[in-house]
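First up is the structure itself, then whatever we jot down about it.
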Amino acid sequence: MIKLVEVEKVYPSPAGGALKVLHLERLEIADREHVAIAGPSGSGKTTLLNIIAGLTAATSGEIWIYNQAVHTMSERERDDYRARNIGLLFQTFNLLSGFSALENVLLAMSFSNKIPAGQRQGRAKALLGQLGLGDRLHHRPGQLSTGQQQRVALARALANKPNLLIADEPTASVDYEAATTVIDLLESSCRENEATLLVASHDPLVLNRFERVIRLNHQGQIERKAEALER
Amino acid sequence: MSLAAIAWRNLINRILQSLMTVFVVGVAVALALTIVLLSQGVQNGINRAAEPYDLIIGGKGNAQQLVVNTVLLQGNPLQNVPLELYEKLQQDPGLTAVVPLGYGDNYRKHKIVGTQAPFFDFRNKPSDPPYFQLAQGRVFQQPFEAVLGSEAAQKLGLNVGQSFKAEHGDAEALPGEEDHDEHEANPYKVVGILKSTSSPADLGIYVDIASYWKIHERGAEQVGDPTGPKAVTAILVKPKTFPNDLYRIQQQINSGRLSRDAQAVIPYNELYNLNQLVGQGQQILSFVAYIAIAMAGATVFLSLYGAIVERRRDLAVLRALGAGRQRVFRLVLLESGLVAGLGVLFGALLGHLTAWIISNVIRNANAIQIIIGIPGEEPVLLLAVLLVGLVAGILPATAAYRTEASRYLAPT
């Protein structure tokens, strides 16, 4: 289970003082649940995902993920925890342009040590093959279509068999048809891997696909009423 | 993928930049190394050239000129040594060998050294093999037989059994002499060729000094040479005990007790002083080399720092994938180490190649042989440049270390 209690993220304001971008009283997500996070720009969607992923430390509050107290971890511990437990999918894919599709997937496995070294090549090739990229293993991102790049990014996110897959605006860079395919892939992959799925989006097409949508307002707070309505 | 594989791939991805950096580091290393190798090589060559000669006795004048003429076979000889001194030294019980040297003639610019057979028995230490060893033939046994240094034989294209006619080349040795007929009438026959000694001695032609005395007999008498017909340009002596007899003889001669018209010099000391004089130029060159190394370090820094600024997003992705800050730091440091390492490797090869080419050019143009080895400074120099490269990588690595992943992952 993912549980956030009284989590706040405050940045120093350029004008002086403090800028609170996120304030969650309580948020719970069950194991293997698929959840969408919605909200206008600046509502703290990405900040929330970054805090759960351990990329950013919360200013205060408790973050429990699969019974691990992320809020007490050092940055180094969060790096290890992220590498082993979390798959990340970004809006612009963030593939490394100088590395092939296969190498991009292998890179993810290099930092976790979760997959034994002898199995990494095989797993990376199998993942890319399952996503229809078996003949594009040695292509660099620049030699792939947008949809293919996104599938490489998904293979990379799934490389370490994560418990939690986090996708930030995964359909923002693709058209309607591709967006449907992406959501299908994300959901099916998470089902196969028994992973929890957390997707931040403002795309109605995406949001309509999820049974549970958590909506954040401009103050970075959950709109309880909206969440209840969505349910 | 290992960190080294990622670092290597990053370098390949910006191949032109990487090659340029490797090139600049390499040239700086080569410059510094060439100076070290040549300076050491000259010293080696000098050591080797002076090896068999403990003490040289020659006429009054510039001591370095005496050594340069006798050991390096360059320049003009000083005035002759009084014959009576040579005879006195022969009687000295503290000397195991007293060998006369006569200069003045040449054959196609190769000095003809008049000496005696014990010359070929000179060695650095009593336990060492003789400095001069025959490759072919035998040592001369009578006047007008010649033994050639290895390089002299090669350059002159002379073999055992062939003959040549000497030319009178050093007018200063016996001024005003007109003895072309004597040279024409007495050709030398090659009876032996020496093995290479890697010293200027390889350029010499060695003959029985009696040949000199015979050819120059008439001329010497004509110009009234005070030494008489048996002119001796220099004397090599081998002391029985070292250094007692060496210093005793040197002091006796230099104090004028044995002769007022002679000096005794230790060739190694004179050549060392000569090299020290040249060493000042080497110091200036070394300074230039240090500047080049500093600039190479700056190039590594600029190249990597520029790459880090360009690759902030890539580094953020690595961080997002679980690479800790220390790992990202190590990655960049590894890249600087790889660039510096390749530069050092390239520079070491280039430096040795350059030194080898220069030593051969100098070898062909001069008597001094530059013996290129692997000086003790070389590993120190190469490690120092590697360290400079790594230090140059610290700032870019720190910039990578400080990359906030969440800041660079969002679309721009």
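All of the numbers you see were taken from the coordinates with simple rules; none came from a lab. What you see is a predicted model, and the numbers here were worked out from it, not measured in a lab. Neighbour counts run over all protein chains shown; Cβ positions are idealised from the backbone, glycine included.
Annotations
- Cα-based Kirkwood hydrodynamic radius, chain A, one decimal, Å: 18.1 Å
- Principal axis dimensions, chain B - Cα atoms, whole angstrom, descending: 103, 45, 38
- Rounded to the nearest 20 debye, dipole of segment B:262-412 from Cβ charges on Lys, Arg, Asp, Glu: 820 debye
- Shielding of A:85-97 by partner chains, average beta-carbon count, 10 Å: 4
- Point-charge dipole on Cβ atoms (K/R +1, D/E -1) for segment A:2-46, about Cα centre, debye to 20: 140 debye
- Pairs beyond 30 Å (Cα-Cα), from B:LYS125/B:LYS214; B:LYS60/B:LYS195; B:LYS109/B:LYS230: B:LYS125/B:LYS214; B:LYS60/B:LYS195
- Per-residue ellipticity at 222 nm computed for chain B from its helices equals -18500 deg cm²/dmol, with DSSP H segments shorter than 4 residues left out and the rest contributing -39,500 (n - 2.57).
- Fewest-first ordering of B:TYR86, B:TYR272 by other beta carbons within 10 Å of each residue's beta carbon gives B:TYR272, B:TYR86.
- Chain B: relative contact order in percent, alpha carbon pairs under 8 Å with at least 6 residues between: 29 percent
- Fluctuation leader among B:GLY279, B:GLY322, B:GLY343 - chain B, Gaussian network, Cα springs under 10 angstrom: B:GLY322
- Counting only alpha carbon atoms, the long axis of helix B:325-365 and the longest principal axis of chain B meet at about 20°.
- Lys, Arg +1 and Asp, Glu -1 on Cβ, resulting dipole of chain A about Cα centre, debye, nearest 20: 440 debye
- Ordering A:PHE93, B:PHE287 by the number of other Cβ atoms within 10 Å of each residue's own Cβ, fewest first, gives B:PHE287, A:PHE93.
- In terms of the mean number of neighbouring beta-carbon atoms within 10 Å, the peptides A:110-119, B:72-81 order highest first as B:72-81, A:110-119.
- The sum of -39500 (n - 2.57) across all DSSP H runs of n ≥ 4, divided by the residue count of chain A, sets its helix-only mean residue ellipticity at 222 nm to -11500 deg cm²/dmol.
- Its relative contact order, with pairs defined as Cα atoms under 8 Å and 6+ residues apart, puts segment B:36-143 at 18 percent.
- One quarter of the surface of the convex hull around the alpha-carbon atoms of the protein assembly as shown equals 41.8 nm², the direction-averaged projected area.
- Counting only other chain Cβ atoms within 10 Å of each residue's Cβ, the peptide B:7-15 averages 2.
- Computed over segment B:310-406, the P(r) tail beyond 23 angstrom holds 48 percent of alpha carbon pairs.
- The angle between the Cα long axis of helix A:101-110 and the longest principal axis of the Cα atoms of chain A comes to about 60 degrees, rounded to the nearest 10.
- Taking chain A and dividing mean pair separation by its residue count, relative contact order in percent (alpha carbons under 8 Å, at least six apart): 28 percent
- Peptide A:165-174 shows a mean partner chain C-beta count of 1 within 10 Å per residue C-beta.
- By the beta-carbon count within 10 Å of each Cβ, the least crowded to most crowded order of B:GLU167, A:GLU192, fewest first, is A:GLU192, B:GLU167.
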